[in-house]
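Data first, discussion second: the structure below is written as C-alpha cells.
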Amino acid sequence: MVHTLTPTADLKTDVDDVARLLTAEGERIADRDLDPWIADLDAQALRGLYRDMALLRRIDAEGMALQRQGQVGLWAPCNGQEATQIGTARVLRADDFAFPSYRETGVVYARGARPEGFLRAWRGEAHSSYDPNELGTAVQQIIIGAQTLHAVGYAMGIQRDGVDQVVATWFGDGATSQGDVNEAMVFAASYEAPVVFVCTNNQYAISEPVGVQAKAPIAGRAPGFGIPSMRVDGNDILAVTAAMRWATDHARSGKGPAFIEAVTYRMGPHTTSDDPTRYRDKDELEAWKRRDPLTRVEAYLRSIEEFDDAFAAQVQQDADELGAAVRSTCLAMTTAPALSILDNVYAEPHTGLDEEKTWFAAYLDGFAEEAQR
Amino acid sequence: MTQLTMAKALNEGLRRAMADDDKVLVMGEDIGRLGGVFRITDGLQAEFGAQRIVDTPLAESGIMGTAVGLAYRGYRPVVEIQFDGFVYPAFDQIVSNVAKLHYRSQGAVKMPITIRIPWAGGVGAAEHHSESPEAYFVHTSGLRVVAVSNPQDAYTVLRQAIACDDPVVFFEPKRLYHTKGEVDLDTDLADAAPMGLARVARPGKDVTLITYGAQVSTAMDAATAAEDEGIDIEVIDLRSLSPIDYKAVTASVRKTGRVVVTHEAAREAGLGAEIIASVTERCFYHLETPPVRVTGWDIPYPPAKLEKHHVPDLDRILDAVDRVLDRPNSMSEVEL
C-alpha cells in the first residue's frame with residue numbers, strides 16, 4: 001500500500017510533451033495509439049478540415065475587423081486555435097450536443113451556424129447569436145467553466161433517455177481553476193456520464209500564463225477524478241481529431257467521460273479590449289507562428305501531392321465569400337424595438353414584469369404622441 | 001380531504017408530480033435511501049428508482065449546473081438544497097444561468113427547474129441552518145419565488161412550481177414541516193388559485209398585516225390576540241414573492257389604511273422595503289399612518305439560544321400594530 005502519492009508528471013509544463021501526428025513542418029509521424037483512430041481519414045477529408053480551418057480564420061478576421069470598424073462591440077479571437085476547435089467539433093454527430101465558451105467560434109461554425117450566427121451577440125443585438133436547438137449547441141458561455149456542469153447534466157439526460165448521443169464541452173486553461181469544472185468532473189465520473197471535456201490550453205487566461213493555474217500538465221488532473229485523459233498538440237488537427245474520436249467513442253460506448261487537453265496558443269488578444277503586448281514576448285509569438293495549424297497541413301498535403309494551387313485558390317474564394325456574407329449580414333442587422341428588452345425574461349406571464357411593460361410602453365407612447373404634434 | 005403535515009404534503013406533491021410526468025426528477029444530497037434530512041423525499045427512491053431520485057455529490061453548484069443541463073435536455077429537475085445556508089455555492093449558477101437562459105436564448109431554452117429550500121429559523125439549529133435569503137432571489141429577474149405557509153399550499157404550489165416553465169425558488173419553512181393541516185390531494189391544479197396570487201389568511205378592517213412563510217402563523221396568532229383588544233387585523237399571506245400580488249395587497253390597504261409588514265429576513269433592502277415602497281407609490285392617499293416593518297435584525301443569524309430575540313414574535317408584531325394605530329408603543333419616544 002502506497003501511503004503517499006506524489007505527482008508523477010514533470011512539474012514543468014512543456015508544450016512539446018504532447019501526442020502529435022503532424023509536426024510543425026508538416027511531417028507525418030506515426031503514433032501507435034492515435035493512428036488507428038484516423039486510419040480512414042484520407043487526403044480529401046484532410047483537405048476538408050483544412051478548408052474548415054481556413055474559413056474559420058476568415059470569420060475570425062472579419063470579427064476583428066468589424067470590431068475595429070465599430071460594427072461589433074467586442075470580439076474574442078480564436079486565431080491560432082483552429083485545429084483544436086475544428087478537430088474536436090467535426091468529430092461530433094449532428095445529434096450530439098455542444099457546450100462551448102465564448103471563444104469557440106470554430107465550434108459554432110462546425111455545428112452549422114449561418115453567417116449571422118457568429119456575431120449577432122458580439123454586435124450587441126442579442127445575447128445569443130443563434131438558436132441553441134437549431135445547432136445542437138448551447139448558448140456560448142461567458143461565465144468561466146459554468147458550461148461544463150451543463151454538459152454533464154445534459155449527458156445525464158442522455159443516459160436517462162437510453163440513447164447513444166454524447167456531449168462535448170470546451171473551456172480554457174483558466175477555467176480548470178474554477179470549482180464548477182472540478183465539480184463537473186466529479187459528477188461526470190460518479191455517474192459515468194457520456195461527456196467529453198475539451199480543455200483548450202491556449203497558454204493564457206487574459207494575461208495570466210498557464211503556470212498560474214497549473215503547476216503540472218492539466219491533463220494529469222483528470223485521472224485523479226477517475227477520468228482518462230489525453231494531452232495532444234492542439235495545433236495538429238490529425239492528433240486532435242484522433243483524440244476526439246477516442247474520447248467520443250469512449251463516452252458513446254458507455255464507459256463514461258473522457259478528457260482532452262489541447263495544447264495551443266491564443267495568437268490574438270484575449271478580446272479586442274485587451275493589449276497582449278503588456279504581458280507577452282514577441283519571441284514567444286514568433287515561435288508559435290511557426291507552429292501554425294494550417295501551414296503544417298498544407299505542407300503535409302503538398303508533400304504527398306494532395307494540395308495544389310487550384311485547391312488553395314478555391315479555399316481562398318470560399319473564404320472570401322463567407323467573409324463577405326458575415327460582413328454583409330452584420331451590417332444588415334437591425335436593432336430590436338425598445339419594448340422588446342422586457343420580452344422572454346419569463347416563459348409564462350409574470351404580473352410584475354407585465355406591469356412594468358405597460359409602464360414602459362406608456363412612456364414610449366408619450367414620445368410618439370409628441371412626435372405627432 | 002386528509003390531515004397531513006407539511007412534510008408529508010410536500011412528499012405527496014413530489015410523488016404525484018413524478019407519477020404524472022416522467023420528465024420530473026429530483027436531485028439533492030441524501031435524498032435517496034435516507035429520504036432527505038427532513039424526509040421530504042421519503043420512500044420516493046424506492047418507488048421511482050435512483051435515476052429519478054438522484055443522490056448527488058456534495059456540491060451545490062454542481063447540482064444546480066447539472067440541473068441546467070438536464071433542463072436543456074427537456075427534463076424538469078426539482079433540486080433540493082439541504083439547508084437555506086447551503087444555497088450560496090449554487091448562487092452563481094442560479095443567477096447567471098438558471099435565471100437568464102430563457103432570456104439569453106430569446107425564449108428558445110426553457111429552465112423549468114424547481115429549487116426547494118428548507119428555510120428560516122425557529123428550530124434551534126446550528127449556524128448556517130436558519131437563513132432567510134429570499135430577497136437575493138426576488139431581486140434576480142428570471143426567477144419566480146414562492147414561500148408556503150400551510151400543508152395545502154405546500155402541496156398545491158409545489159405542483160404548480162414543477163409544472164411551471166420558469167425556474168421557481170420554493171421556500172419551505174422548516175418550523176412548519178411538522179404542522180398538520182387539511183390537504184385535498186385531488187385538488188385540480190387548473191381550479192386552484194394560480195401560483196402568484198396572495199391569500200387573505202384572515203379578513204379584517206383595521207390593519208393590513210402582510211407576511212409569508214412561517215411568519216403567517218405568528219401573524220395569525222397576533223391577530224387573534226389583537227381581537228381581545230378590539231383590533232381587527234387582516235392578514236395577507238403573500239405566497240408568491242416574485243411576482244408580488246399587489247392587486248390583493250393594495251385592495252387590503254385601501255380598506256384599512258394601515259400597513260405592517262413582517263418577515264424573518266433582515267430589514268435592510270428586504271422584502272418589507274420593496275412592499276412598502278410599492279404600497280406607498282400605489283395608495284399613498286389611503287394611508288392613515290406610515291407603514292411599519294417588523295423584521296429580523298440586521299445581523300447574521302444569532303445562536304440558537306438567542307434566536308427568539310431575532311425572529312419577530314407575536315409581541316413585536318403587536319407593538320408594530322400599535323405604531324400604525326397611533327397607540328403607545330416601544331417607538332413612541334424614539335426619533336427615526
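Values in this text are rule-based calculations from the coordinates and carry no lab data. It should be emphasised that the depicted structure is a prediction, and the values quoted were computed from it without experimental measurement. No Cβ is skipped: glycine too gets one built from the backbone with ideal geometry, and neighbour counts run over all protein chains shown.
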(message) Per q in 0.10 Å⁻¹, report the Debye log10 I(q)/I(0) for region A:168-288, using one uniform scatterer on each alpha carbon and no solvent.
(response) -0.32
(message) Along each principal axis of its Cα atoms, how long is region B:199-324 end to end? Whole angstroms, biggest number first, please.
(response) 41, 33, 24
(request) Summarise the partner chain shielding of A:168-180 as one whole number: the mean count of Cβ atoms from other chains within 10 Å of each residue's Cβ. (result) 1
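When you have a sec, figure out the Kirkwood radius of region A:244-373 from all distinct Cα pair distances and drop it here in Å to one decimal?
Kirkwood hydrodynamic radius for region A:244-373: 22.1 Å.
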(message) Please list, ordered by chain and number, the residues whose modelled amide H lies under 5 Å from the amide H of residue A:234; skip anything fewer than 5 residues away on the same chain.
(response) A:263, A:264
(request) Compute the relative contact order of region A:196-309 as a whole-number percentage, counting only Cα pairs closer than 8 Å that sit 6 or more residues apart in sequence. (result) 32 percent
(request) With r as the distance between the Cβ atoms of residue A:3 and residue A:361 and R0 = 60 Å, compute the FRET efficiency 1/(1 + (r/R0)^6) and round to 0.05. (result) 0.30
(message) At R0 = 30 Å, how high is the FRET efficiency between residue A:277 and residue B:128 if r is their beta carbon distance? Nearest 0.05 is fine.
(response) 0.05
(message) Quick check on the protein assembly as shown: of the DSSP beta bridges with both residues there, what percent are antiparallel, nearest 5%?
(response) 15 percent
(request) Under a cut-off of 23 Å between alpha-carbon atoms, report the lysines in cross-link reach of residue A:215, not counting same-chain residues fewer than 8 places apart. (result) A:12
(message) Going 7 Å from the Cα of residue A:93 along its beta-carbon direction, which residues of region A:239-280 have the amide nitrogen within less than 14 Å of the resulting point?
(response) A:248-254
(message) Rounded to the nearest 20 debye, what is the charge dipole size of region B:199-324 about its Cα centre when +1 sits on each Lys and Arg Cβ and -1 on each Asp and Glu Cβ?
(response) 400 debye
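Within 10 Å, count the other beta carbons around each residue, average over each peptide in B:154-166, B:277-289, and list them highest first. Mind dumping the intermediate values first?
Working: B:154-166: 23.8, B:277-289: 13.7.
Put in order of decreasing packing, that is B:154-166, B:277-289.
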(message) Taking beta carbons within 10 Å but only from partner chains, what does the mean come to for residues A:155-163?
(response) 5
(request) With +1 on each Lys and Arg Cβ and -1 on each Asp and Glu Cβ, and nothing else charged, work out how big the dipole of region A:1-120 is about its Cα centre, in Debye to the nearest 20. (result) 620 debye
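If packing is taken as the average number of other Cβ atoms within 10 Å across a peptide's residues, how do A:170-183, B:69-82, A:204-217 rank, most packed first? Don't skip to the answer; put the middle values down first.
Values: A:170-183: 23.4, B:69-82: 25.2, A:204-217: 16.6.
My ranking of the peptides, most packed first, is B:69-82, A:170-183, A:204-217.
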(request) Treating only the Cβ atoms of Lys and Arg (+1) and Asp and Glu (-1) as charged, compute the dipole magnitude of region A:221-312 about its Cα centre; round to the nearest 20 debye. (result) 560 debye
(message) Using a 7 Å offset from the Cα along the Cα-to-Cβ direction at both residue A:304 and residue A:43, what is the distance between the two label points in nm, to one decimal?
(response) 0.8 nm
(request) Alpha carbons only, please: Rg and Dmax for the protein assembly as shown, in angstrom. (result) 29.3, 101
(message) If I fit a long axis through the Cα atoms of helix B:271-283 and take the longest principal axis of the Cα atoms of chain B, what angle between them do I get, 0 to 90°, rounded to 10?
(response) 60 degrees
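In what sequence do B:315, A:236 fall when counting other Cβ within 10 Å, fewest first?
On the way: B:315 11, A:236 30.
Ordered from fewest to most neighbouring Cβ atoms within 10 Å, B:315, A:236 come out as B:315, A:236.
Could you put B:116, B:175 in order, starting from the residue whose Cβ has the fewest other Cβ atoms within 10 Å? Display every interim value, and only then the final one.
Details: B:116 27, B:175 21.
The fewest-first ordering by Cβ neighbours comes to B:175, B:116.
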(request) Report, in deg cm²/dmol and to the nearest 500, the calculated mean residue ellipticity at 222 nm for chain A, where each DSSP H run with n ≥ 4 adds -39500 (n - 2.57) and the sum is divided by the residue count. (result) -14000 deg cm²/dmol
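Roughly what % of DSSP beta bridges within chain A run antiparallel, to the nearest 5?
Numbers: 3 of 26 bridges.
Beta bridges within chain A, antiparallel portion: roughly 10 percent.
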(request) Identify, among A:158, A:187, A:119, the residue whose Cα sits farthest towards the positive end of the charge dipole of region A:35-335, taking +1 on the Cβ of Lys and Arg and -1 on the Cβ of Asp and Glu, with the dipole about the Cα centre. (result) A:187
(message) Within region B:282-299, list the residues whose amide N lies under 17 Å from a label point set 7 Å along Cα→Cβ of residue B:326.
(response) B:285-292
(request) With an 8 Å cut-off on Cα pairs and a minimum separation of 6 or more residues, tell me the relative contact order of region B:199-324 in percent. (result) 28 percent
(message) I'd like the mean, over residues of A:350-357, of how many other protein chain beta carbons sit within 10 Å of each residue's own Cβ.
(response) 5
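First measure r as the distance between the Cβ atoms of residue B:247 and residue B:37, then evaluate 1/(1 + (r/R0)^6) with R0 = 25 Å and state the FRET efficiency to the nearest 0.05.
Taking R0 as 25 Å, the efficiency between residue B:247 and residue B:37 is 0.10.
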